[in-house]
1. What does the charge count around E128 come to, taking other residues whose C-beta lies under 11 Å from its C-beta (Lys +1, Arg +1, Asp -1, Glu -1)?
2. At 1.4 Å probe radius, can you tell me the per residue accessible area of segment 5-54 in Å²?
3. Rounded, prolate or oblate: which one fits segment 105-176, using the alpha carbon gyration tensor with axes a ≥ b ≥ c (rounded when a/c is under 1.5, else prolate when a/b beats b/c, else oblate)?
4. When the solvent-accessible surface of protein heavy atoms is calculated with a 1.4 angstrom probe, in what order do I113, I138 fall, highest first?
5. Assuming R0 = 35 Å, what is the FRET efficiency of I129 and E28, from their Cβ-Cβ distance, to the nearest 0.05?
6. Which one of E44, E128, E140 has the biggest mean-square fluctuation once the chain is modelled by GNM with Cα springs under 10 Å?
7. Quick one: ranking V42, V19 by accessible area, 1.4 Å probe, largest first, what do you get?
8. Describe numerically, in nm with one decimal, the distance between label points set 7 Å from Cα along Cα→Cβ at S89 and at E44.
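The values are calculated or read from the model by the stated rules, or taken from the named source; none is laboratory data. Just so we're clear, the structure is a prediction, and the values are computed from it rather than from any experiment. Cβ coordinates were reconstructed from backbone atoms using ideal geometry, including for glycine residues, and neighbour counts include every protein chain displayed. Note: accessible area is taken over every heavy atom of the protein model, side chains too, but ligands, DNA and RNA are not part of it. Shrake-Rupley method; radii C 1.70, N 1.55, O 1.52, S 1.80 Å.
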Amino acid sequence: MQRRTPLKYFYMALHPRVVVLVVAIDKEGKPNVMPASWTSPVCEEPPHIVLAMWRENYTWELIKESREFTLNTPTADLVDIVWKAGTTSGREVDKSKLLNLTFSRSKSIKTPIIEECIAHLECKVVEEIDVGESTLFIAEVVEAYGNEEYMVRGRWDLRKVEVLEHLGGRVFTVSTRVVYPRKK
């Protein structure tokens, strides 16, 4: 019989989770970057995602105001930038300069993408739901594109790319192999 341990941080049972760098812009169009792993697709037709965000975040304020954001998928080699982006407040410093990232124009929205990332979702907020201390931003994905060099039939080729995943706190990981169910 397995011993069951109470999970104070219940959500850790759902980790690791892919990390994204959320970009949102202020009124002047200056980007702010924040890492997040609490995202999920929620609908394919039309394509929608959900982004759960603490209401005290500066990025939350920017998304509330602009009603759009980009999700950018970093690789493991960007772990230091991801950590710095998550432990620094955009209210206090200009993270667009601090992180030394390359921002490029999006295809359909004002908020830029991050060139160093391997995939990009351009999102427009369509609904918000407040849950406890967080807001769920439900957003339509108006553009989605990635680096095909790292993909096979629309999936990441884990032999070629290490997609960064968050395990909790200061711990990150990458998937290194693919497993398949046994044939009957």
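1. +1
2. Per-residue value: 59 Å².
3. Oblate shape, in that a/c is at least 1.5 and b/c is the bigger or equal ratio.
4. Solvent-accessible surface, decreasing: I138, I113.
5. About 0.75, to the nearest 0.05.
6. It is E44.
7. These residues rank, largest area first, as V42, V19.
8. Spacing of the two 7 Å Cα→Cβ label points: 4.3 nm.
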